[in-house]
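To start, the structure itself, in structure tokens.
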Protein chains: 2
Amino acid sequence: MRAGTAVLTVDAAGMRAQNSGLLLNMIWRERQISRAEIARRTELSPSTVSAIVADLEQAGLVRSIGAGVSRGGRRPTLIGFCDEAFSLVGVELGASHVTVVLTDLRGRVRTQSKASHAVRGDPEGSLQKAKELVQECLDAERVPRRSVVGMGVAVPSPVHPASPGKMSPLILPAWKNVDVKEWFETTFDMPVFVDNDANLGALSECFWGAGSAGEDLTYIKLATGIGAGLIIHGDVYRGAGGTAGEIGHIPVDSNGPLCVCGLRGCLVTLIGSTALTERARELMGTRGRKGPTVRDLVEGARAGDAAAKQIIDGMGAYLGIAVGGLLNLLNPAIIVLGGEISSVGEMLLDPLRASVRQRALSVSMAETRIVTSTLGERAIAVGAATLVLQAALRDRTLFPTQNVGRTA
Amino acid sequence: MRAGTAVLTVDAAGMRAQNSGLLLNMIWRERQISRAEIARRTELSPSTVSAIVADLEQAGLVRSIGAGVSRGGRRPTLIGFCDEAFSLVGVELGASHVTVVLTDLRGRVRTQSKASHAVRGDPEGSLQKAKELVQECLDAERVPRRSVVGMGVAVPSPVHPASPGKMSPLILPAWKNVDVKEWFETTFDMPVFVDNDANLGALSECFWGAGSAGEDLTYIKLATGIGAGLIIHGDVYRGAGGTAGEIGHIPVDSNGPLCVCGLRGCLVTLIGSTALTERARELMGTRGRKGPTVRDLVEGARAGDAAAKQIIDGMGAYLGIAVGGLLNLLNPAIIVLGGEISSVGEMLLDPLRASVRQRALSVSMAETRIVTSTLGERAIAVGAATLVLQAALRDRTLFPTQNVGRTA
DNA sequence: GCGAGTTCGTTCGATTGACGAAGAAATACC
DNA sequence: GGTATTTCTTCGTCAATCGAACGAACTCGC
């Protein structure tokens, strides 16, 4: 019974906000573009474009960066985005570690700090640790508060769209009385955005990785947990209750082991990090007293270890069951595999593609590329920072005024 | 590498278009609402609201419908939508039939006509048949061309977002040289919108059926083919290549029969109409010389026939595998089952829910309602008409000017 | 029954932002 | 070196929204 999107109404000021947001996005995307070119593409009048660009320049968001090539007349003055005018903070609360990055407006990491920590059962300690690390990053670069746009936080739990600071009581029961968003907001006095880790990995790939091409992307996080992040029409899709992309508990083997969720043969029990390392211990033997790690598995596979390859083959086969369903159901333009194990690249992609081919329509397959991430282990923390960037590029009032940061 | 939605720029006229679109939507949704109430909700000034309402009244889209109850002062004049000011045409090209409906702007069917036809292999004949039926509907109600907003067409094939008139060469090879959109546009000289049948079933449910509540809905069409339609943020989601929702070829039984698509144990080979009637023939015996139909199965189940119930139980179990994955992956607010067989209601829902419970996270299940459609067999044709309505409510210039239709 | 206070809707001048035409500056082409 | 072209700015015009003020219609309390 609903019809159009509930867009907000517009008055004169809203009109300016909308147009200037559009220009800001275009300048950010194009990296350098002249006023004339903007006017042609947006179909805004040259005078309006000039006025808006002047606004944005005033705010320290864009600047002139010299002349472009002539098209048969006066040379255009190129406008560029001030990538380093502001900073973004990205926090990743992982299963067993906390990572913090400080990035510029182009996703480049200025500082990072990381600490091992058992996040799952210790909300207070984790948050305290995160606070220290953030402070460390801010101090390291002597970044004034004024130049920080906001903070993104990746959490290892689905978040409900209606209460983005609350963790799922089923996944992180110890966190039931904590509101992450609120806590960071009061601690650091800046805008805070919270989302699920896989969703932010997806956002990261969409902005900085393999997703440059389109606006429909699926990211699959292969780690302790298995989760997918969906980018639909350029935005993170969370589903009605925030649990979209929770593919870790899709049953893929009816004879598989019992999972904590109560079901049998869940994807995570077969290809989660724990399952992989256990299987590695069986096939590759113990390495030292603690047994092989995922890293050992990756290195083994690269070195040509038959057991490691066998494990990854099996992983691809199981994963293909879920990916096949995903392809048929969502038909994304690209699927990106992330997480440490994905660094084996083709060794995982080959068996995965073979498995998918047995399960997906050839039409869907033809339209979808399946690749591994090239962003490295900071992808999710950077994705958290990107959430802030995405919001600010849409609503430029999120950028602090009176910029005192560097404007290079 | 993309950031914000590619919204169009706004000038003064665009501002008016946006605001008046918003008002039109609100009036349509609320059915009756006063200017003062609109102003409060939209935060537009009372004078602006009056001006826009006058515009819409001029265009014959809304009208005064008497006074409302006082809130302690002068009684408000309620504005209502002119549901019958214009007509919409909806065409369904099914696997074996062509259905045409003529509806008003509230989805009520004014006339309908239907004919059996082997659509699959005969594009020319099918289109000719559709043309006749459309003409029949228009003549029956003496609807002047002027008052028809446009035509929606449901096709039994995925359509690529880039070329919405072209059928998939793999699903409907005989249609490879036909552009359905173009054909109807030149034949009837009105705006034409084409989409996949399951997608339009979903739209129908979203507007007129069980989806009233939210904006995330999944519709599953259970017929000769099995397909899902996804409504995401209030819009049909087609995926990167237009094949989103093609769940019919998800393998659910590795020992199942070979499917035309080359895979084994596809959902459609197990619960498609053909599979159901064949199984019915085995268990229930032949009825007459042609064997039992889906209708016989429904009636049998209702009458308490054990074999029919057994078939539907099995169907629910298989379907649950796909629905479980869908729940974990997309987490829609509601899943609606459509198609003739869905009319058995709880008899199908019970085994389905049981099957899903073994495959989906309880969190996802808790947030999602699973129901059967109540819209009947015209749902998809009406959904096609609704596609036109949805477009016109967003862009009121699609409504013809000089309305000569009835304004009741 | 009557006046005070509210609410609804309209009118009108002010404000704001985009547009268009005209002009100045800078460059390519002949 | 002159002409045409392109870029960007300036300035007057126009359109849409807003806010304040007003008249109309109604409720409530006395």
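The values are calculated or read from the model by the stated rules, or taken from the named source; none is laboratory data. Since the structure is predicted, the reported quantities are computational estimates derived from the model, not experimental observations. So basically every Cβ, Gly included, is an ideal-geometry build from the backbone, and we count neighbours across all protein chains shown. Please note that ligands, DNA and RNA were not included when accessible areas were found on the heavy atoms of the full protein model with its side chains. Shrake-Rupley method; radii C 1.70, N 1.55, O 1.52, S 1.80 Å.
Structure notes:
- Residue among B:Leu330, B:Leu389 that is within 27 Å of A:Ile250 (Cβ to Cβ) and either modelled with pLDDT of 95 or more or crowded, with 23+ Cβ neighbours inside 10 Å (or both): B:Leu330
- Test for A:Arg120: is it open to solvent by 60 Å² or more (accessible area, probe 1.4 Å), of a type outside the set (Phe, Trp, Tyr), under 30 Å from A:Ile38 (Cβ atoms) and away from DNA strand D (no atom under 16 Å from the Cβ): no
- Residues of segment B:172-205 classified as part of a loop (DSSP other than H, G, I, E, B) and buried (at least 19 other Cβ atoms within 10 Å of the Cβ), total: 1
- Candidate set: segment B:88-116, residues that are modelled with pLDDT under 95 and part of a loop (DSSP other than H, G, I, E, B); chosen: the one least open to solvent (accessible area, probe 1.4 Å): B:Gly94
- Per the conditions (1) farther than 23 Å from B:Trp208 by Cα; (2) within 14 Å of DNA strand C (Cβ to nearest atom); (3) surrounded by 15 or more Cβ atoms within 10 Å (Cβ to Cβ), the sole criterion not satisfied by B:Ser20 is (2).
- Of all residues in segment A:336-354, those being in contact (Cβ under 8 Å) with a residue 40 or more places away in the chain and not in a helix (DSSP H, G or I) number 4.
- Residues considered: B:Pro144, B:Pro161. Of these, the only one that is open to solvent by 20 Å² or more (accessible area, probe 1.4 Å) and under 20 Å from B:Val101 (Cβ atoms) is B:Pro144.
- Residues considered: A:Arg16, A:Arg74, A:Arg110. Of these, the only one that is away from chain B (no Cβ under 14 Å), basic (Lys, Arg) and over 21 Å from the mean Cα position of the chain (by Cα) is A:Arg74.
- Only residues that are more than 11 Å from DNA strand C (Cβ to nearest atom) and either among the aliphatic types (A, V, I, L, M) or open to solvent by less than 70 Å² (accessible area, probe 1.4 Å) (or both) were counted across segment A:23-35, and they come to 9.
- Qualifying residue in segment A:78-85 (condition: farther than 30 Å from A:Pro123 by Cα, within 14 Å of chain B (Cβ to nearest Cβ), away from DNA strand C (no atom under 14 Å from the Cβ) and of a type in the set (Gly, Ala, Ser)): no
- Whichever residue in segment A:37-81 is in contact with a strand residue (DSSP E or B) (Cβ under 7 Å, 6 or more places away or on another chain) and of a type in the set (D, E, K, R) and, among such residues, is farthest from A:Gln18 (Cα to Cα): A:Arg75
- Residue within segment B:48-58 that is assigned to a loop (DSSP other than H, G, I, E, B), more than 7 Å from DNA strand C (Cβ to nearest atom) and surrounded by fewer than 17 Cβ atoms within 10 Å (Cβ to Cβ) present: no
The rows are residues; the columns are (1) within 11 Å of DNA strand D (Cβ to nearest atom); (2) among the charged types (D, E, K, R).
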site: B:Ser34; (1), (2): no, no
site: B:Arg40; (1), (2): no, yes
site: B:Ser45; (1), (2): yes, no
site: B:Val62; (1), (2): no, no
site: B:Val69; (1), (2): yes, no
site: B:Gly80; (1), (2): no, no
site: B:Ser87; (1), (2): no, no
site: B:Gly90; (1), (2): no, no
site: B:Leu102; (1), (2): no, no
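- Residues that are modelled with pLDDT of 90 or more and among the hydroxyl-bearing types (Ser, Thr, Tyr) were ranked within segment B:245-277; the one that is most open to solvent (accessible area, probe 1.4 Å) is B:Thr274.
- Matching entry among B:Met167, B:Met151 (being in contact with a Pro (Cβ under 9 Å, 6 or more places away or on another chain) and either among the small types (Gly, Ala, Ser) or without any contact (Cβ under 8 Å) to a residue 60 or more places away in the chain (or both)): B:Met167
- Only residues that are under 20 Å from the mean Cα position of the chain (by Cα) and closer than 19 Å to B:Gln128 by Cβ were counted in segment B:167-189, giving 4.
- Looking only at segment B:207-241, and only at residues there that are at pLDDT below 90 and either facing chain A (nearest Cβ under 7 Å) or in a loop (DSSP other than H, G, I, E, B) (or both), the one that is least open to solvent (accessible area, probe 1.4 Å): B:Gly241
- A:Glu30, sole failed condition from (1) of a type outside the set (A, V, I, L, M, F, W, C); (2) within 14 Å of chain B (Cβ to nearest Cβ); (3) away from DNA strand D (no atom under 14 Å from the Cβ): (3)
- Criterion violated by B:Gly227 - all others in (1) over 16 Å from B:Gly241 (Cα atoms); (2) assigned by TED's automatic domain parsing to the domain that holds B:Val260 satisfied: (1)
- The set of residues from segment A:242-251 being within 14 Å of A:Thr269 (Cα to Cα) and more than 7 Å from chain B (Cβ to nearest Cβ) comprises just one member, A:Gly248.
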